[in-house]
1. Would you pick out the residues in segment 38-49 that are exposed (fewer than 15 other Cβ atoms within 10 Å of the Cβ) and touching a residue at least 40 places away in the same chain (Cβ under 8 Å)?
2. Of all residues being under 24 Å from residue 58 (Cβ atoms) and in contact with a helix residue (DSSP H, G or I) (Cβ under 7 Å, 6 or more places away or on another chain) in segment 113-143, which is surrounded by the fewest Cβ atoms within 10 Å (Cβ to Cβ)? Just the residue, please.
3. In segment 5-30, which residues are within 32 Å of the chain's Cα centre (by Cα) and loosely packed, with under 13 Cβ neighbours inside 10 Å?
4. Looking only at strands (runs of 3 or more DSSP E) that fall completely inside segment 1-112, which ones have 2 or more residues that are farther than 30 Å from residue 127 by Cα and in contact with a helix residue (DSSP H, G or I) (Cβ under 7 Å, 6 or more places away or on another chain)?
5. Here are some residues: 89, 64. Which one is within 21 Å of the chain's Cα centre (by Cα) and either touching a residue at least 40 places away in the same chain (Cβ under 8 Å) or exposed (fewer than 10 other Cβ atoms within 10 Å of the Cβ) (or both)?
6. Criterion first (closer than 27 Å to residue 24 by Cα and surrounded by fewer than 16 Cβ atoms within 10 Å (Cβ to Cβ)) does residue 76 satisfy it?
7. Check residue 35 against each of (1) outside the structural domain of residue 146 (by TED's automatic domain parsing); (2) surrounded by fewer than 12 Cβ atoms within 10 Å (Cβ to Cβ); (3) in contact with a strand residue (DSSP E or B) (Cβ under 7 Å, 6 or more places away or on another chain) and name the one condition it does not meet.
(Lines give C-alpha, C1' and ligand atoms only; values in the text may rest on other atoms or scores of the structure.)
Protein backbone atom coordinates (compact mmCIF):
# COMPACT_ATOMS: atom_id res chain seq x y z
CA UNK A 1 0.00 0.00 0.00
CA UNK A 2 1.50 3.34 -1.04
CA UNK A 3 1.68 6.04 1.61
CA UNK A 4 -0.60 8.99 0.75
CA UNK A 5 2.04 11.37 2.16
CA UNK A 6 5.34 10.24 0.61
CA UNK A 7 4.27 7.59 -1.93
CA UNK A 8 6.62 4.93 -0.60
CA UNK A 9 5.33 1.34 -0.55
CA UNK A 10 6.65 0.36 2.87
CA UNK A 11 4.17 0.29 5.76
CA UNK A 12 3.01 -1.80 8.66
CA UNK A 13 -0.52 -2.62 9.77
CA UNK A 14 -1.25 -1.28 13.26
CA UNK A 15 -4.84 -2.47 13.64
CA UNK A 16 -7.42 -4.47 11.67
CA UNK A 17 -11.18 -4.31 12.28
CA UNK A 18 -14.23 -5.79 10.60
CA UNK A 19 -16.92 -3.31 9.59
CA UNK A 20 -20.27 -3.52 7.80
CA UNK A 21 -21.07 -6.92 9.35
CA UNK A 22 -17.74 -8.41 8.34
CA UNK A 23 -18.01 -7.45 4.68
CA UNK A 24 -15.19 -4.87 4.91
CA UNK A 25 -11.81 -4.87 6.64
CA UNK A 26 -10.60 -1.53 7.98
CA UNK A 27 -6.84 -1.32 8.50
CA UNK A 28 -4.86 1.40 10.25
CA UNK A 29 -1.40 1.63 8.69
CA UNK A 30 1.81 3.47 9.42
CA UNK A 31 4.40 4.37 6.79
CA UNK A 32 7.84 3.12 7.86
CA UNK A 33 9.54 5.92 5.88
CA UNK A 34 7.76 9.11 7.02
CA UNK A 35 5.62 7.89 9.96
CA UNK A 36 2.31 9.00 8.38
CA UNK A 37 -0.70 7.06 9.64
CA UNK A 38 -3.61 6.32 7.32
CA UNK A 39 -6.59 4.01 6.92
CA UNK A 40 -7.26 1.54 4.12
CA UNK A 41 -10.34 -0.54 3.42
CA UNK A 42 -10.50 -4.01 1.93
CA UNK A 43 -13.66 -5.57 0.54
CA UNK A 44 -14.64 -8.47 -1.66
CA UNK A 45 -15.14 -7.39 -5.23
CA UNK A 46 -18.73 -8.12 -6.19
CA UNK A 47 -19.44 -9.54 -9.57
CA UNK A 48 -22.30 -7.53 -11.00
CA UNK A 49 -25.68 -9.20 -11.25
CA UNK A 50 -26.92 -9.32 -14.81
CA UNK A 51 -30.62 -8.84 -15.52
CA UNK A 52 -32.00 -10.82 -18.45
CA UNK A 53 -34.64 -8.63 -20.06
CA UNK A 54 -37.71 -9.94 -21.89
CA UNK A 55 -36.00 -9.37 -25.26
CA UNK A 56 -33.01 -11.47 -24.03
CA UNK A 57 -30.66 -8.48 -23.72
CA UNK A 58 -28.65 -8.20 -20.54
CA UNK A 59 -27.91 -5.23 -18.34
CA UNK A 60 -26.40 -4.72 -14.90
CA UNK A 61 -28.82 -4.83 -11.96
CA UNK A 62 -29.34 -1.33 -10.60
CA UNK A 63 -31.14 -0.94 -7.25
CA UNK A 64 -31.81 2.71 -8.13
CA UNK A 65 -34.16 1.53 -10.89
CA UNK A 66 -36.06 -0.47 -8.27
CA UNK A 67 -36.21 2.63 -6.04
CA UNK A 68 -37.45 4.77 -8.94
CA UNK A 69 -40.20 2.26 -9.79
CA UNK A 70 -41.35 2.04 -6.19
CA UNK A 71 -41.32 5.82 -5.76
CA UNK A 72 -43.39 6.31 -8.90
CA UNK A 73 -46.13 3.92 -7.82
CA UNK A 74 -46.01 5.25 -4.24
CA UNK A 75 -46.36 8.86 -5.38
CA UNK A 76 -48.81 10.79 -3.17
CA UNK A 77 -49.11 7.80 -0.82
CA UNK A 78 -48.11 7.84 2.83
CA UNK A 79 -45.03 5.67 2.41
CA UNK A 80 -41.98 7.10 4.15
CA UNK A 81 -38.50 7.14 2.67
CA UNK A 82 -37.43 4.68 5.37
CA UNK A 83 -40.05 2.19 4.22
CA UNK A 84 -39.02 2.67 0.59
CA UNK A 85 -35.37 2.12 1.58
CA UNK A 86 -36.35 -1.09 3.36
CA UNK A 87 -38.36 -2.28 0.34
CA UNK A 88 -35.39 -1.67 -1.96
CA UNK A 89 -33.06 -3.50 0.46
CA UNK A 90 -35.42 -6.47 0.61
CA UNK A 91 -35.75 -6.63 -3.18
CA UNK A 92 -31.98 -6.36 -3.63
CA UNK A 93 -31.31 -9.09 -1.06
CA UNK A 94 -33.82 -11.41 -2.74
CA UNK A 95 -32.40 -10.63 -6.21
CA UNK A 96 -28.88 -11.48 -5.00
CA UNK A 97 -30.21 -14.71 -3.52
CA UNK A 98 -32.02 -15.66 -6.74
CA UNK A 99 -29.04 -14.72 -8.92
CA UNK A 100 -26.97 -17.38 -7.19
CA UNK A 101 -23.60 -18.40 -8.55
CA UNK A 102 -24.55 -17.53 -12.12
CA UNK A 103 -25.13 -13.89 -11.11
CA UNK A 104 -28.13 -13.69 -13.43
CA UNK A 105 -31.78 -12.97 -12.76
CA UNK A 106 -34.70 -12.27 -15.07
CA UNK A 107 -36.49 -8.93 -15.10
CA UNK A 108 -39.74 -10.77 -14.38
CA UNK A 109 -38.27 -12.21 -11.16
CA UNK A 110 -37.37 -8.68 -10.08
CA UNK A 111 -40.87 -7.44 -10.95
CA UNK A 112 -42.52 -10.22 -8.96
CA UNK A 113 -40.30 -9.49 -5.96
CA UNK A 114 -41.22 -5.78 -6.12
CA UNK A 115 -44.89 -6.81 -6.18
CA UNK A 116 -44.42 -9.03 -3.10
CA UNK A 117 -42.78 -6.20 -1.18
CA UNK A 118 -45.33 -3.58 -2.24
CA UNK A 119 -48.20 -5.89 -1.34
CA UNK A 120 -46.94 -5.95 2.26
CA UNK A 121 -46.34 -2.18 2.39
CA UNK A 122 -49.24 -0.54 0.56
CA UNK A 123 -52.01 -2.22 -1.49
CA UNK A 124 -52.69 0.89 -3.59
CA UNK A 125 -49.03 1.15 -4.63
CA UNK A 126 -49.12 -2.58 -5.33
CA UNK A 127 -52.06 -2.16 -7.75
CA UNK A 128 -50.37 0.83 -9.42
CA UNK A 129 -47.18 -1.15 -9.99
CA UNK A 130 -49.11 -4.25 -11.11
CA UNK A 131 -51.07 -2.20 -13.65
CA UNK A 132 -47.85 -1.16 -15.39
CA UNK A 133 -45.85 -4.34 -14.81
CA UNK A 134 -48.64 -6.64 -15.98
CA UNK A 135 -49.77 -4.15 -18.67
CA UNK A 136 -53.44 -3.86 -17.69
CA UNK A 137 -55.53 -2.99 -20.75
CA UNK A 138 -58.94 -2.42 -19.20
CA UNK A 139 -60.79 -1.84 -15.96
CA UNK A 140 -61.64 -5.55 -15.61
CA UNK A 141 -57.99 -6.37 -15.03
CA UNK A 142 -57.89 -3.80 -12.21
CA UNK A 143 -61.04 -5.30 -10.69
CA UNK A 144 -59.63 -8.83 -10.93
CA UNK A 145 -56.41 -7.73 -9.21
CA UNK A 146 -58.33 -6.01 -6.43
CA UNK A 147 -60.46 -9.14 -5.95
CA UNK A 148 -57.25 -11.17 -5.61
CA UNK A 149 -56.03 -8.67 -3.02
CA UNK A 150 -59.17 -9.07 -0.95
CA UNK A 151 -59.06 -12.86 -0.90
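The values are calculated or read from the model by the stated rules, or taken from the named source; none is laboratory data. None of the values given here were measured: they were computed from a predicted structure. Positions of Cβ are generated from backbone atoms using ideal geometry, with glycine treated the same way; all protein chains shown enter the neighbour counts.
1. Result: 47, 48.
2. Only one residue tops the list, namely 115.
3. 15, 16, 17, 18, 19, 20, 21, 22, 23 - these are the residues of segment 5-30 that are within 32 Å of the chain's Cα centre (by Cα) and loosely packed, with under 13 Cβ neighbours inside 10 Å.
4. On the way: elements: 11-19, 24-31, 37-43, 50-52, 58-60, 104-106.
Correct list: empty, since no element meets the threshold.
5. Sole residue among the options that is within 21 Å of the chain's Cα centre (by Cα) and either touching a residue at least 40 places away in the same chain (Cβ under 8 Å) or exposed (fewer than 10 other Cβ atoms within 10 Å of the Cβ) (or both): 64.
6. Numbers: closer than 27 Å to residue 24 by Cα: no; surrounded by fewer than 16 Cβ atoms within 10 Å (Cβ to Cβ): yes.
For residue 76, the condition - closer than 27 Å to residue 24 by Cα and surrounded by fewer than 16 Cβ atoms within 10 Å (Cβ to Cβ) - is not met.
7. Of everything listed in (1) outside the structural domain of residue 146 (by TED's automatic domain parsing); (2) surrounded by fewer than 12 Cβ atoms within 10 Å (Cβ to Cβ); (3) in contact with a strand residue (DSSP E or B) (Cβ under 7 Å, 6 or more places away or on another chain), residue 35 misses just condition (3).
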